[in-house]
Ligand SMILES: [Zn+2]
């Protein structure tokens, strides 16, 4: 199996911790590489991960390389990869401000801040289910079809991406957006982007995506970031 993928996952654990986007024990991250999923182990603090801690599983959840147990949340990692074929990386973390939104069950609309509209779109709150349960995986699967970031009620957040860097940037954007919303609310409330301008913004994003896709050498399709939900 590929050492560089394991190193990237271990590095993301440290980065999330250092940028206060995740605590030591919380969260789990994975990367899909063809028929395998590289995933963080259970019970190892995410800021001290070594590449050798990362496990490789197949799509049935069976460990094919590595010591220890994979994250208890493997179910939702597997269903996300099955649902979104273009997605190759998943970050689940407990960023404190966004997790506060998940505790208050506050959904985030896509008309609040331009960069967030482009990077993450609308962020729904999915109903509470106990960690690692099949029910939680079902809720995640239903919501992830049309979204790139989710808030899990009373728990935390999930962001996804074509690669680990994109999933990380979405987590960072989500946490920053939540801070912006709190600031706006303390100053009298959110004045949303007008709906006709929002449509224009989405047109701009779509055109940009087309240009970017055309200039890519690997010809991999990127899904537009717009949420339909
Ligand atoms: Zn969690």
Fill in the blank from the handout: By residue number, the members of the stretch 16-36 that are part of a loop (DSSP other than H, G, I, E, B), surrounded by 12 or more Cβ atoms within 10 Å (Cβ to Cβ) and more than 11 Å from the ligand (Cβ to nearest atom) are 19, 21, 24
Practice task
Filter the stretch 183-202 down to residues that are surrounded by 13 or more Cβ atoms within 10 Å (Cβ to Cβ), farther than 19 Å from residue 124 by Cβ and in contact with a helix residue (DSSP H, G or I) (Cβ under 9 Å, 6 or more places away or on another chain), then give me how many there are.
Solution key: 1
Exercise for the section: Have a look at 190, 112, 87 and point out the one that is assigned to a loop (DSSP other than H, G, I, E, B), at pLDDT 95 or above, more than 16 Å from the ligand (Cβ to nearest atom) and touching a strand residue (DSSP E or B) at 6+ places or on another chain (Cβ under 7 Å). Expected result: 87
Fill in the blank from the handout: Taking the stretch 129-181 and keeping only residues that are away from the ligand (no atom under 16 Å from the Cβ) and not in a helix (DSSP H, G or I), one is left with 145, 146, 147, 148, 161, 162, 163
Completion exercise
Given the conditions (1) in contact (Cβ under 8 Å) with a residue 60 or more places away in the chain; (2) assigned to a helix (DSSP H, G or I); (3) buried (at least 22 other Cβ atoms within 10 Å of the Cβ), every one holds for residue 100 apart from (3)
Handout entry: Selection within the stretch 1-15 - surrounded by fewer than 19 Cβ atoms within 10 Å (Cβ to Cβ) and within 16 Å of the ligand (Cβ to nearest atom)
Key = none
Exercise for the section: State whether the residues of the stretch 156-174 include one that is at pLDDT below 90 and surrounded by 13 or more Cβ atoms within 10 Å (Cβ to Cβ). Expected result: no
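The values are calculated or read from the model by the stated rules, or taken from the named source; none is laboratory data. In this text the structure is predicted, and so the values were computed from the model without any measurement. Glycine also receives a Cβ, built like all others from the backbone with ideal geometry; neighbour counts cover every protein chain displayed.
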